[in-house]
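A quick write-up on the structure given underneath.
The values are calculated or read from the model by the stated rules, or taken from the named source; none is laboratory data. Keep in mind the model is a prediction, meaning the values are calculated, not measured. Quick reminder, even Gly has a Cβ in these numbers, built from the backbone with ideal geometry, and neighbours come from all protein chains shown.
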Amino acid sequence: MPRPALRRAQVIAKEYCATHSIPYTETTLLASYGIVIAYLNRVGLSAGGDPFDCPASAAFGR
């Protein structure tokens, strides 16, 4: 989304969240990256197995 449109989108998102009783939160850019990385680590590591095992690489004998 273009940066100039973010302010208008924020208003729309806040109204939508209020209408549907969804908590609306704000955070900084760096904190949002941290949240996403932590989530991906939690989900990926919960699958079990070796996180560095690559099935595609094994198929090619590497």
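Going through Pro23, Pro51 one at a time, which residue ends up being assigned to a loop (DSSP other than H, G, I, E, B) and in contact with a Leu (Cβ under 9 Å, 6 or more places away or on another chain)?
One residue alone meets the criteria, Pro51.
May I ask you to say which residue of Tyr24, Tyr16, Tyr33 is at pLDDT 95 or above and touching a helix residue (DSSP H, G or I) at 6+ places or on another chain (Cβ under 8 Å)?
Step by step, each of Tyr24, Tyr16, Tyr33 is checked, and only Tyr24 is at pLDDT 95 or above and touching a helix residue (DSSP H, G or I) at 6+ places or on another chain (Cβ under 8 Å).
All but one of (1) in a helix (DSSP H, G or I); (2) at pLDDT 95 or above; (3) not β-branched (Val, Ile, Thr) hold for Asn41, so report the exception by its number.
Every condition holds for Asn41 apart from (2).
Given the conditions (1) assigned to a helix (DSSP H, G or I); (2) at positive phi, which single one is not true for Gly61?
Only one criterion is unmet by Gly61, namely (1).
Under 7 Å between Cβ atoms, at least 6 apart or on separate chains: pull out the pairs that start in the stretch 18-35 with a residue that is without any contact (Cβ under 8 Å) to a residue 24 or more places away in the chain and surrounded by 10 or more Cβ atoms within 10 Å (Cβ to Cβ) and end on any residue that is in a helix (DSSP H, G or I) and of a type in the set (Lys, Arg).
If the second residue must be in a helix (DSSP H, G or I) and of a type in the set (Lys, Arg), the pairs left are Tyr24/Lys14.
Which of the residues spanning the stretch 1-13 are modelled with pLDDT of 95 or more and under 20 Å from the mean Cα position of the chain (by Cα)?
Ala9, Gln10, Ala13
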